[in-house]
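The values are calculated or read from the model by the stated rules, or taken from the named source; none is laboratory data. This is a predicted model, so every value here is computed, not measured. Cβ placement follows ideal geometry from the backbone for every residue including glycine, while neighbour counts extend to all protein chains displayed.
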Amino acid sequence: MSSWNFHSNALLALMVVLSAWILWSIGEPRVDAYIALYTIWYLIIKMLLKPKKLYKDPLLAVLLTVFAATVAYRVVEVLSP
Amino acid sequence: MVSMNLYRGFGLTLALSSLVLAIVTYMILGLHPLIALWLGLAIVGFSMFLTPEEPREELRVLARLAQAQVENIARVAELLNLRGPPVFKTVEGRTYIILSRDPPDPKMLGDLDVSKGVLETPWGLAMVLRSPGEVSVESSEPCSSIEEALVHVLGIADWVTCSRETGRIVAEVVRAKVIGGFSLTVPGVFAASIASRVLGRPVILKGESVRGDRIVIEVDVVE
């Protein structure tokens, strides 16, 4: 395995735990905020380290779909009376 | 089919157990930050599960053999002063490299008989060798075939960005682990061989520029 692939997963694990810890410590209760941050970290690591992924990375598609759905839900929530 | 190694197995186990823990936490505790942490670990687990296996030792040996062959071809070409761009032609599933002193005439490449070792062509004498870059791939499109062969089958590069315009394929090989020597590179020979094989046409390896572990390969497809 390329060390970049290994490092990207290790870095993602570190950023996920750090993000969860920081958001938890500031009292953030919304799960979608956490997932949005995980998605951003996943994208940043993917852009910077370009790790190889099997099956054209379906996880990225799932994360982006969840992210888009969450944003859409929040927008509708704000706009609806 | 991609095999499951220990690392990927651990990733899948982590992902599934984290999802179960997230559901249990939601049902029993309802503690949202903890649910979010489990979901984060599930993402890490799936990311590990989607990480491809390390290229096997046999493939590394084959890559080194290919490197030696490519280097030998380049040495012979240099010895005989065959400085024209190499042509790759696939006939009956076998790919050949045609080396000549002067640039070849693309219009006449389709009719070349590659069964002989030395050819007399309108642009001078040419030497015909078997290409070491014969790789069978599932894809039928040259760019994805090149990526599949170099990254996933042989594991000699970390990734490939490739574009195909009319009559030309340009591939950038990033973090190439095997480069080659003299005037030819291993990824270049593989890319041209695969393009010729997939398209069923002769191709000309027009240029290769090496910058560190990045190689930009230009292949002209003879229409």
Yes/no for residue B:100 being of a type in the set (Ser, Thr, Tyr) and over 26 Å from the mean Cα position of the chain (by Cα): no
Checking residue B:36 against (1) aliphatic (A, V, I, L, M); (2) facing chain A (nearest Cβ under 9 Å); (3) in contact (Cβ under 8 Å) with a residue 12 or more places away in the chain, the condition it does not meet: (3)
Residues of the stretch B:125-178 satisfying the condition of being under 22 Å from residue B:114 (Cβ atoms) and among the charged types (D, E, K, R): B:130, B:134
Residues of the stretch B:1-33 classified as over 40 Å from the mean Cα position of the chain (by Cα) and in contact (Cβ under 8 Å) with a residue 12 or more places away in the chain, total: 3
Near pairs, Cβ below 6 angstrom, 6+ apart or cross-chain, from the stretch A:29-57 (more than 16 Å from residue A:17 (Cα to Cα)) to any residue that is buried (at least 18 other Cβ atoms within 10 Å of the Cβ) and among the aliphatic types (A, V, I, L, M): A:53/B:50; A:54/B:50
Residue match in the stretch B:169-184 (condition: at pLDDT 90 or above and surrounded by fewer than 19 Cβ atoms within 10 Å (Cβ to Cβ)): yes
Check on residue A:23, in contact with a His (Cβ under 7 Å, 6 or more places away or on another chain) and touching a residue at least 12 places away in the same chain (Cβ under 8 Å): no
Residue match in the stretch B:102-115 (condition: out of contact with any Gly (no Cβ under 9 Å at 6 or more places or on another chain), aliphatic (A, V, I, L, M), farther than 30 Å from residue A:24 by Cβ and free of Cβ contacts under 8 Å to residues at least 60 places away in the same chain): yes
